[in-house]
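Novice: This is the structure I want to talk about, given as structure tokens.
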Amino acid sequence: MLTRLAAGALALALACAFSGAASASGVDLARAKGQGLVGEKADGYVAIVVEQSNSLIQAIVRRVNGKRRAAYEEIARRRGASLDAVSRLAGAKLIQRAERGEWVTDTEGAWHRK
């Protein structure tokens, strides 16, 4: 069940992470991650890496995390699992898939460049 749960969480997280992330100015999640502004967290969500960020980056993070949370809640409901278990499984997979040079957190929340 955990493998299916992880696969489902990852598929939905990836779909949510990149759907609708583009903005009018052309900044999207992939670009923000590539520029080191946003990174993947072990809890399955993205966060701003730099202390100072603009409202566009903040909006991308809020939108992506909202979509991910909805996806994780749906998977948890369908599988009878906790939201935390689903989001952490997805987080591990998303960190594993992060590109070299992107920022990710460890399980204690410390940022590291992959």
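Every number in this text was worked out from the coordinates using simple rules, so none of it is lab data. Everything numeric in this text was worked out from a predicted model, so none of it was measured. When we count neighbours, we look across all protein chains shown, and the Cβ atoms used for this are built from the backbone with ideal geometry, even at glycine.
Novice: Can you list the HN-Hα couplings for the stretch 36-48, worked out from phi with the Karplus curve (6.51, -1.76, 1.60; θ = phi - 60°), rounded to whole Hz and with x for Gly and Pro?
Specialist: x, 8, 10, x, 8, 9, 5, 8, x, 10, 9, 8, 6
Novice: Which order do peptides 100-110, 28-38, 72-82 fall in by mean Cβ count within 10 Å, highest first?
Specialist: Answer by packing, highest mean first, reads 28-38, 72-82, 100-110.
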